[in-house]
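Single-structure report; data block below.
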2 protein chains.
Amino acid sequence: MAKHTTSEAGRPKTIEPRLRQELEELVAEMCKALNEPKRLMVLYALAERPRSVGELAAYLDAPQSNTSQHLAVLRDRGLVDVERRGNRVIYSLRYPKVIAAIDLLREVLNEEIGRQHQLRSA
Amino acid sequence: MAKHTTSEAGRPKTIEPRLRQELEELVAEMCKALNEPKRLMVLYALAERPRSVGELAAYLDAPQSNTSQHLAVLRDRGLVDVERRGNRVIYSLRYPKVIAAIDLLREVLNEEIGRQHQLRSA
DNA sequence: CACGAATATACGCCAGTACGAATGTCCGTG
DNA sequence: CACGGACATTCGTACTGGCGTATATTCGTG
């Protein structure tokens, strides 16, 4: 393991970049769960109410296996709750804050689209 | 300003999935800009103050070309502003809301980490 | 105008990932 | 306990994205 070269310089105001990198890694991992349109649709669908896999597959107009794969990603990231109900498996949204975060990004998107439109018409 | 998506009572609760898919595609594109630790670090660094490419490269402890590539992604997504100052190019954060969104995800991350810890100790 | 510093881009390589098809697993029912 | 339905997982393939190396571009300076 390579040691840090300048570890004894005075403490900078920002935290050690190495640690910072690992921290951001975790956030990035969470963002990776959100960079897929179908997964976003799933999250919004679950924000309304819990749904079964088949329901979500129909909603996405995607094959069952594909839907299950996307749900597995969200499950591994801990973004959804799972509950077995008889023959089916019901998924639900665990953190409403995730929707709030995406909504914020959507607002930014709106501003940006307006900006681009403004540039074109100038 | 940003229009409020008032949940109009007469409308169907969900919009056409086809259109919805395209909308989410755009949001997903924006998330793709955030799913890279170094890009997140860049955004936070720019949230403090505008910085040049060399400065950011040093901060990331990454080669110049790599830094430029990441900046190109942020630039293409419209998340940063660019200004040429003499020999250098100064980047700055365009939308503070992006930081707010990431902070929200960070909160979710904290809850999730606490949750996992709790599960392990049970 | 030649030169060097700062930044951007092109290219090839490798890892990661979404997808469909096929298969495995769990559950309720007859 | 055999069968079918709902869901999960595996596998091979095609695509995408990040990286380093090398090269191009832009600008200040002598």
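The values are calculated or read from the model by the stated rules, or taken from the named source; none is laboratory data. On a predicted model such as this, the values are computed, not experimentally measured, just so you know. Every residue, glycine among them, receives a Cβ derived from its backbone with ideal geometry; neighbour counts consider all protein chains shown.
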Touching a Ser or Thr at 6+ places or on another chain (Cβ under 9 Å), at negative phi, within 11 Å of another protein chain (Cβ to nearest Cβ) and acidic (Asp, Glu), is that true of A:Glu111? no
Which number in (1) under 18 Å from the mean Cα position of the chain (by Cα); (2) away from DNA strand C (no atom under 11 Å from the Cβ) marks the one condition that A:Ser68 misses? (2)
Before we move on, is B:Pro63 more than 8 Å from chain A (Cβ to nearest Cβ) and away from DNA strand D (no atom under 15 Å from the Cβ)? no
For the stretch A:29-59, how many residues meet the condition of being within 7 Å of chain B (Cβ to nearest Cβ) and hydrophobic (A, V, I, L, M, F, W, C)? 5
Scan the stretch B:6-19 and give yes if some residue there is at pLDDT 55 or above, surrounded by fewer than 17 Cβ atoms within 10 Å (Cβ to Cβ) and among the charged types (D, E, K, R), otherwise no. yes
Single match in A:Leu34, A:Leu23 (criterion: in contact with a Cys (Cβ under 7 Å, 6 or more places away or on another chain), under 19 Å from B:Leu40 (Cβ atoms) and surrounded by 13 or more Cβ atoms within 10 Å (Cβ to Cβ)): A:Leu34
